[in-house]
Amino acid sequence: MDTPTSAWSPPLPEAPGFQHQVVETAGLRTHLASVGAGDPVLLLHGFPEHWWQWHEVAPLIAAGGHRVLCPDLRGAGWTAAADPGVERESRLRDLLALLDALDVERVHLVSHDMGVITALQLTYDHPERVRTAVQLSVWPAFIRFSPRLAPAFQHLPPFIWHRPGASLRPTFSERYAAHPMSEETVDAHLAQFARPEVDAAVRPLVRRMVLPEAMRMARGVYRRKRLTVPTLVAFGRRDHPTTPDLLEHLCRDREQHADRLELAFVDDAAHFITDDAPAEVAGLALDWFTRAA
């Protein structure tokens, strides 16, 4: 059942055309924003964002003939968990239960930033649930670490040691966004932190999900697996230090690890690629769904 944005606490950011509902699964009440009709597309938000990250991207994908599903993942947005604990695969289990509850067998999958972790788990361990994947602003899981990537981790310490109440506004600085975000846009991204359980989830998500998964990547776990889902990895050209030359170098042996993996770059965009270039992101996704399905 669709619930008006004003009925939520705090109120949801405005996004015309979306329907909002709560999907109940074991121990979780997932807030789901959706738009459109047709083949399902699942969008997994990054950090510190929530469903509203996709408010410009999702309608464009929906216009291509898709039902676009934008859940708030555990520890984010307006989703509520009976148990605040987070483990490495908590969000994966949540996602599988959500798809089952919605009676959705397979999806096109688009993910950004922290959402990519759950997307990777889904595509590697449950490829039968994913038709195609688009991975934004995160390297393929099979790469070997390069010292040239070290600057990409400078943002992590404040999250690892996050104290409830500490501002996350610096995350949306010009270092990570090619175009300055308005105060209203940043407020919409951070509206979720009016919920104490979201603020309290920052450290557990980073310490118990992000870092353990990063260690698995560093140990080569994904190099010993094979990615069978057709995957497009896209970066903004201003998302330093991941230059096109460096990404091509890191993925030079991708045929050994993936059935089909392509790279794409979006001009005049940085890490927050969905804010910098929503139309370009939607266009890349729609093109990939058609070419790779």
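The values are calculated or read from the model by the stated rules, or taken from the named source; none is laboratory data. Remember, it's a predicted structure, so these values are computed and weren't measured experimentally. With ideal geometry, Cβ positions are generated from the backbone for all residues, glycine too; neighbour counts draw on all protein chains shown.
Checked against (1) farther than 20 Å from Phe289 by Cα; (2) touching a Leu at 6+ places or on another chain (Cβ under 8 Å), Arg238 passes all but condition (2). Among the criteria (1) crowded, with 22+ Cβ neighbours inside 10 Å; (2) closer than 22 Å to Ser137 by Cβ; (3) in contact with an Asp or Glu (Cβ under 9 Å, 6 or more places away or on another chain), the one His31 does not fulfil is (2). Filter the range 237-267 down to the residues that are touching a Ser or Thr at 6+ places or on another chain (Cβ under 7 Å), within 24 Å of Leu286 (Cα to Cα) and touching a residue at least 40 places away in the same chain (Cβ under 8 Å) and list them by number. Correct list: Asp239, Ala258, Leu261.
Restricting Arg207, Arg216, Arg226, Arg238 to residues that are under 30 Å from Arg252 (Cβ atoms), out of contact with any Asp or Glu (no Cβ under 8 Å at 6 or more places or on another chain) and surrounded by 13 or more Cβ atoms within 10 Å (Cβ to Cβ) narrows the list to Arg216.
I'd like the full set of residues that are farther than 9 Å from Trp78 by Cβ and in a strand (DSSP E or B), limited to the range 17-28. Those that are farther than 9 Å from Trp78 by Cβ and in a strand (DSSP E or B): Gln19, Gln21, Val23, Glu24, Thr25, Leu28. Do we find that Gly17 is surrounded by fewer than 24 Cβ atoms within 10 Å (Cβ to Cβ), among the small types (Gly, Ala, Ser), within 27 Å of Gly283 (Cα to Cα) and at pLDDT 95 or above in this structure? Spelling it out, Gly17 is indeed surrounded by fewer than 24 Cβ atoms within 10 Å (Cβ to Cβ), among the small types (Gly, Ala, Ser), within 27 Å of Gly283 (Cα to Cα) and at pLDDT 95 or above. Taken over the range 164-200, the criterion of being closer than 22 Å to Leu136 by Cβ and either of a type in the set (Asp, Glu) or in a loop (DSSP other than H, G, I, E, B) (or both) is satisfied by Leu168, Ser173, Glu174, Arg175, Tyr176, Ala177, Ala178, His179, Pro180, Met181, Ser182. All of Arg163, Arg144 fail the test of being free of Cβ contacts under 8 Å to residues at least 24 places away in the same chain, over 22 Å from Phe272 (Cα atoms) and not β-branched (Val, Ile, Thr), apart from Arg163. Thr118: surrounded by 20 or more Cβ atoms within 10 Å (Cβ to Cβ) and either outside any helix (DSSP H, G or I) or basic (Lys, Arg) (or both), yes or no? Judged against the criteria, Thr118 is not a match. Quickly run through the range 258-293 and pick out the residues that are in a strand (DSSP E or B), acidic (Asp, Glu) and either closer than 21 Å to Glu49 by Cα or at pLDDT below 95 (or both). Across the range 258-293, there are no qualifying residues.
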